Amino acid sequence: DTAVSQTPKYLVTQMGNDKSIKCEQNLGHDTMYWYKQDSKKFLKIMFSYNNKELIINETVPNRFSPKSPDKAHLNLHINSLELGDSAVYFCASNQVGPNSPLHFGNGTRLTVT
Amino acid sequence: QQQVKQSPQSLIVQKGGISIINCAYENTAFDYFPWYQQFPGKGPALLIAIRPDVSEKKEGRFTISFNKSAKQFSLHIMDSQPGDSATYFCAASAGTGNQFYFGTGTSLTVIP
């Protein structure tokens, strides 16, 4: 009964390919996020959705496109993968409101060769 | 621009010692300060959090000290154990909490 689950855990692909990462949360939260963690462990927010609506869209190449079919799911599709996209991608969720911590999934390690 | 500055980048402590990680911020609108613990291959997990209306919060061996006037907060791990070896992140958010700003992380190693 994992609270925030991501698939796949590992993704190895070649430059130029298109890939997707899926995320689901069973916490009943109304907000979901995608974070990117680089090799130096820095966590950078990419997107945030609240009740299926995009509310945060940081400076991310438009090759990255999030999709939220419902408030329990937030998927990330990446077109034309580049070497620099190699990182660990974390999905997270919380309930909008004060003192509401993020709950993270266990990450998807993307390696682009 | 780094909204939350964290130090040190890495820390080695003997078992039983005290681990101290420091964070500083500039935005006075921040009103929620969580700390996250991340083990290899796992996502960050909430460890302890504080609001600026208190100066200290303790949960077991973990304590947050908060200095509102200096805009600084720190995590103290008492009686550090090898199982505490992980990466620790401080963070800050304001208002309804959609946008979290993370520190750059501290890699803690506790030597048996």
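It is to be established whether one or more residues within the range B:18-36 are at pLDDT 95 or above and outside any strand (DSSP E or B). Among the residues of the range B:18-36, at least one is at pLDDT 95 or above and outside any strand (DSSP E or B), which makes the answer yes. For the range A:28-49, the set of residues classified as open to solvent by 70 Å² or more (accessible area, probe 1.4 Å) and out of contact with any Lys or Arg (no Cβ under 8 Å at 6 or more places or on another chain) consists of A:S39, A:K40, A:K41, listed by residue number.
Quick one: is B:F100 buried (at least 16 other Cβ atoms within 10 Å of the Cβ), within 29 Å of A:T31 (Cβ to Cβ), of a type in the set (F, W, Y) and more than 14 Å from every other protein chain (Cβ to nearest Cβ)?
Against the criterion (buried (at least 16 other Cβ atoms within 10 Å of the Cβ), within 29 Å of A:T31 (Cβ to Cβ), of a type in the set (F, W, Y) and more than 14 Å from every other protein chain (Cβ to nearest Cβ)), B:F100 does not qualify.
Of A:S39, A:S48, A:S65, A:S20, all but one fail to be in a strand (DSSP E or B) and within 14 Å of chain B (Cβ to nearest Cβ); the exception is A:S48.
With respect to being within 16 Å of B:P8 (Cβ to Cβ) and either open to solvent by 20 Å² or more (accessible area, probe 1.4 Å) or at pLDDT below 95 (or both), B:S107 fits the description. State yes or no: is B:D31 within 14 Å of chain A (Cβ to nearest Cβ), open to solvent by 40 Å² or more (accessible area, probe 1.4 Å) and either among the aliphatic types (A, V, I, L, M) or farther than 21 Å from B:P112 by Cα (or both)? Taking the combined requirement at face value, the residue does not satisfy it. Scanning the range B:1-21 for residues that are under 15 Å from B:M78 (Cα atoms) and of a type in the set (S, T, N, Q), we see that the one that is surrounded by the fewest Cβ atoms within 10 Å (Cβ to Cβ) is B:Q14.
When the range A:1-31 is filtered for residues that are among the aliphatic types (A, V, I, L, M) and either touching a helix residue (DSSP H, G or I) at 6+ places or on another chain (Cβ under 8 Å) or more than 22 Å from B:W35 (Cβ to Cβ) (or both), the ones remaining, listed by number, are A:L11, A:V12, A:M15, A:I21. Only residues that are touching a strand residue (DSSP E or B) at 6+ places or on another chain (Cβ under 8 Å), open to solvent by less than 80 Å² (accessible area, probe 1.4 Å) and modelled with pLDDT of 90 or more were counted across the range A:50-68, and they come to 5. The set of residues in the range A:70-107 being in a strand (DSSP E or B) and at the interface with chain B (Cβ under 10 Å from one of its Cβ atoms) consists of A:V88, A:F90, A:C91, A:A92, A:N94, A:H103, A:F104.
The values are calculated or read from the model by the stated rules, or taken from the named source; none is laboratory data. Computed from a predicted model, the values in this text were never measured in an experiment. Note that each Cβ is placed from the backbone with ideal geometry, even for glycine, and that neighbours are counted across all protein chains shown. Surface accessibility is based on the protein's heavy atoms, side chains included, excluding ligands, DNA and RNA. Shrake-Rupley method; radii C 1.70, N 1.55, O 1.52, S 1.80 Å.
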